[in-house]
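Have a look at the structure below, then the notes.
The values are calculated or read from the model by the stated rules, or taken from the named source; none is laboratory data. Keep in mind the model is a prediction, meaning the values are calculated, not measured. All Cβ positions, even for glycine, are placed from backbone atoms using ideal geometry, and neighbour counts span all protein chains on display. Remember, those area values only see protein heavy atoms, side chains included, never the ligands or the DNA or RNA. Shrake-Rupley method; radii C 1.70, N 1.55, O 1.52, S 1.80 Å.
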Amino acid sequence: MTHTLDPATTDAERVRHDDRAHVFHSWSAQELIDPLPIASASGSHFTDYDGKRYLDFSSQLVNVNIGYQHPKLVAAIAEQAGRLCTIQPAFANDMR
């Protein structure tokens with residue numbers, strides 16, 4: 001069943017809709033979750049689609065403890081993506 005969105009749908013509503021339609025959230029009853037749509041992030045803050053800024057005390061579960069959008073990390077990701085985006089776990093790679 002395909003759901004079409006009203007053209008007046010906000011970006012946050014569209015992100016929520018797409019998340020519900022295509023993302024499986026682990027350790028969650030799928031119908032009970034309501035994730036906060038995030039539009040951007042920089043340093044130790046992220047921002048929702050209404051422009052509200054949040055201080056991220058958990059560093060996205062310690063995955064970005066150097067901060068969001070750190071220029072050296074962004075450059076390293078771009079360089080690696082241009083060379084080899086992904087490799088299956090059974091293979092070796094110099095960047096692992």
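Side notes on the structure shown:
- Of all the numbered requirements in (1) over 25 Å from residue 73 (Cβ atoms); (2) exposed (fewer than 13 other Cβ atoms within 10 Å of the Cβ); (3) free of Cβ contacts under 8 Å to residues at least 12 places away in the same chain, residue 55 misses one, and that requirement is (1).
- Any hit, the range 6-22, residues being under 15 Å from the mean Cα position of the chain (by Cα), open to solvent by 70 Å² or more (accessible area, probe 1.4 Å), among the hydrophobic types (A, V, I, L, M, F, W, C) and farther than 30 Å from residue 95 by Cβ: no
- The set of residues in the range 1-59 that are under 26 Å from residue 71 (Cα atoms) and either in a loop (DSSP other than H, G, I, E, B) or modelled with pLDDT under 90 (or both) comprises 36, 37, 44, 49, 50, 51, 52, 56, 57, 58, 59.
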